[in-house]
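Data first, discussion second: the structure below is written as structure tokens.
The values are calculated or read from the model by the stated rules, or taken from the named source; none is laboratory data. This one's a predicted model, so the numbers in the text were calculated from it and none came from an experiment. Glycine also receives a Cβ, built like all others from the backbone with ideal geometry; neighbour counts cover every protein chain displayed.
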Amino acid sequence: MINYNEYINNLKESLDDVEKRKDVIENISETLIKCFDNNNKLLVCGNGGSCSDAAHFVGELTCTFKSKNKKGLPAIDIGSSMTALTAWGNDFNFESFFERQVMALGKEKDILFLISTGGGNIKENTSMNLVRAANIAKKIGMKVISLIGKSGGELKKISDISFVVKSNETSHVQETHIVLLHMICEILDERYAK
């Protein structure tokens with residue numbers, strides 16, 4: 001049976017750490033603002049639950065968060081096209097799909113924003129599609145921002161800015177990622193509300 005108190009206390013530990021590192025959230029937000037102000041765009045992706053978080057984040061940016069007067073911001077969820085995903089996965093492989101999307105859509109000074117609970121692990125071959133996307137983004141001249149958890153994995157090494165959630169529990173990493181994404185949205189709302 002679930003121990004509600006323990007679950008909540010473990011999540012609180014991750015959230016308390018967010019308060020201590022608000023400078024990273026502000027740095028991410030300022031980097032996004034600079035990108036948008038210079039007419040560049042944001043590409044966002046993740047796997048599994050993080051793919052859903054990517055779609056959620058892009059929806060908040062292109063539509064509205066709290067302010068109905070905020071202008072739409074140029075953000076693309078590069079994992080949302082099932083047609084492209086299945087075509088590429090069938091003809092080539094899933095591991096290179098995000099890399100291909102970054103090559104097709106990314107330009108110098110755009111940003112690749114990655115969401116991953118583990119950050120990619122070469123030895124365990126996890127989230128290597130995100131690692132490959134990050135590497136090609138850097139070659140193009142894009143900035144790479146990642147929200148990650150656990151050890152931070154390969155993405156911590158590659159990213160220009162990363163926020164590593166203080167937890168090894170996937171569920172708490174994902175819950176904290178949503179809080180971080182909403183905080184970023186709130187900062188962007190303040191900047192872009194008309």
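All told, LYS143 falls short of being more than 14 Å from GLY46 (Cβ to Cβ), in contact with a Gly (Cβ under 8 Å, 6 or more places away or on another chain) and not β-branched (Val, Ile, Thr).
Checked against (1) more than 16 Å from the chain's Cα centre (by Cα); (2) part of a strand (DSSP E or B), LYS107 passes all but condition (2).
Looking across the stretch 19-38 at every residue that is touching a strand residue (DSSP E or B) at 6+ places or on another chain (Cβ under 8 Å) and part of a helix (DSSP H, G or I), the one that is farthest from SER146 (Cα to Cα) is identified as PHE36. Among residues that are in contact (Cβ under 8 Å) with a residue 12 or more places away in the chain and within 16 Å of ILE184 (Cβ to Cβ), GLU95 is not included.
When GLY72, GLY79 are checked against the criterion of being within 25 Å of GLY118 (Cα to Cα) and not basic (Lys, Arg), a single residue qualifies: GLY79.
Residues that are of a type in the set (Phe, Trp, Tyr), closer than 17 Å to LEU114 by Cβ and at pLDDT 95 or above are absent from the stretch 174-193 altogether.
The helices (runs of 4 or more DSSP H) falling completely within the stretch 113-194 that include 1 or more residues that are among the hydroxyl-bearing types (Ser, Thr, Tyr) map to 170-192.
Take the residues of the stretch 66-84 that are over 26 Å from SER96 (Cβ atoms) and modelled with pLDDT under 95: which is surrounded by the most Cβ atoms within 10 Å (Cβ to Cβ)? So the residue we want is LYS70. Based on this model, can you work out whether VAL58 counts as in contact with a Ser or Thr (Cβ under 9 Å, 6 or more places away or on another chain) and without any contact (Cβ under 8 Å) to a residue 60 or more places away in the chain? Criteria met by VAL58.
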